[in-house]
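Participant: So that we are looking at the same thing, I have put the structure below in structure tokens.
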Amino acid sequence: MSEFLGVSILIHGPGKSGKSTCADTSPAPRLVLDVEMGSRFTPSRKVVWDPKSYAPPEADGTWDTAIVPIREYDDITRAYEWLNSGKHPFKSVVLDSISEGQQRAVSGIAGTAQMDMQKWGILLRQLGDLARKLRDLTTHPTNPLDAVVVIAMTHQRNGDGPFVPFVQGQLREFLPYLFDVLGYLAPVQTESGAYVRRLFIGPSPEYASGERVGGRLGEHIDNPNVTDMLAMIRGEDAAADKEEVA
């Protein structure tokens, strides 16, 4: 069994369905690239970091989440440069969300002008490159991350068909294929009448979902916790290793 290095996860769902709360359960210390400014309401202890001005904060036990407020696309680029250097304390990174991040990129490319074919091509290369680079941090040669979590809004194309991650242009065609786990998060009422946040992972005609972690996460997870999801994957790996040794 090969060494487990990390998992990349793309979560999409309707607004206010708990995506940011779910991402806040990624292994700490975590980095949140906060485009939507939703991290203000998640429960973890926080510190704000400006990657343009100084090095990442030390993991001194006083915080769990380092927040980078994303006001322009270059903020994401500078944070990634630190992550790629390996000189950071983070175990996971969250982009919340790539849907809003794309709008920041559009503003940087076109300003208030209309996007033309050439600019759409630039946007595709820019966002596609970012998604791949974040994903590949799980296999970084010196400081691999346990988890890369990318959040997206969701929509139905032309108001019909399955719900899919909301990004524009050709990026929507291949973005779901880049990640190890693609989950759809939505509130669901149980038989007892209570509501849970359910992360759908198994295949469905109603929403885009799937995984390539060997079915270790099941068809769905209620009130999902990313750290627990990693433990589920690693636990089955450990069991398989024991069987191989035996």
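The values are calculated or read from the model by the stated rules, or taken from the named source; none is laboratory data. What you are looking at is a predicted structure, and each value in this text was computed from that prediction instead of being measured. All Cβ positions, even for glycine, are placed from backbone atoms using ideal geometry, and neighbour counts span all protein chains on display. All accessible areas refer to the heavy atoms of the entire protein, side chains included, with ligands and DNA or RNA removed. Shrake-Rupley method; radii C 1.70, N 1.55, O 1.52, S 1.80 Å.
Participant: Run through the DSSP bridge list for the chain and note the antiparallel percent, rounded to the nearest 5.
Facilitator: Among the beta bridges of the chain, antiparallel pairing accounts for roughly 30 percent.
Participant: Another one. Going by accessible area, probe 1.4 Å, with all protein chains left in place, what is the ranking of 172, 198, largest first?
Facilitator: Final ranking, largest accessible area leading: 172, 198.
Participant: Under 25 °C and 0.890 mPa s, how fast does the chain diffuse according to Stokes-Einstein, given a Kirkwood radius computed over C-alpha pairs? Answer in µm²/s, whole number.
Facilitator: 131 µm²/s
Participant: Okay, moving on. For the chain, modelled as a Gaussian network with Cα springs under 10 Å, which listed residue fluctuates most, 118, 168, 103?
Facilitator: Highest fluctuation of the listed residues: 118.
Participant: Based on the alpha carbon coordinates of region 111-162, what radius of gyration and maximum Cα-Cα distance (Dmax) apply, in Å?
Facilitator: Calculated on Cα positions, Rg and Dmax stand at 15.8, 45 Å.
Participant: Continuing with this model, one more query. Could you compute Rg(Cα) / (2.2 N^0.38 Å) for region 43-141, with N its residue count?
Facilitator: That ratio works out to 1.18.
Participant: When every alpha-carbon pair in region 137-192 is counted, what percent end up more than 12 Å apart?
Facilitator: On the way: 1150 of 1540 pairs.
That tail contains 75 percent of the Cα-Cα pairs.
Participant: Using a 10 angstrom cutoff on alpha carbons, build the Gaussian network for the chain and name the most mobile of 200, 41, 179.
Facilitator: The residue with the greatest mean-square fluctuation here is 41.
Participant: Right, another one. What is the mean projected area of the alpha carbon convex hull for region 132-246, to one decimal in square nanometres?
Facilitator: With the hull built on Cα positions only, its mean projection is 9.8 nm².
Participant: Using a 1.4 Å probe, what is the accessible area per residue for the chain, in Å²?
Facilitator: Averaged over the residues of the chain, the accessible area is 50 Å².
Participant: Here is the link list: 52/119; 87/119; 16/87; 16/91. Which ones come out longer than 31 Å on Cα distance?
Facilitator: Going by Cα-Cα distance, 87/119; 16/87 fall outside the 31 Å limit.
Participant: Right, next: What relative contact order, as a whole-number percentage, does the chain give when Cα pairs under 8 Å and 6 or more residues apart are counted?
Facilitator: Result for the chain is 26 percent.
Participant: Which GluC sites (Glu not before Pro) in region 18-127 sit in a loop by DSSP (not H, G, I, E or B) and have at most 14 other Cβ atoms within 10 Å of their own Cβ?
Facilitator: 58, 72
Participant: What order, most packed first, do the peptides 49-57, 25-33, 133-141 have when packing is the mean number of other Cβ atoms within 10 Å of each residue?
Facilitator: By packing density, highest mean first, the sequence is 25-33, 133-141, 49-57.
Participant: Ok, one more. Less than 14 Å Cβ to Cβ from residue 157, Lys/Arg counted +1 and Asp/Glu -1: what total charge do the surrounding residues give? Let's see the in-between values first.
Facilitator: Details: positive: 172; negative: 160, 173, 206.
For residues surrounding residue 157, the net value is -2.
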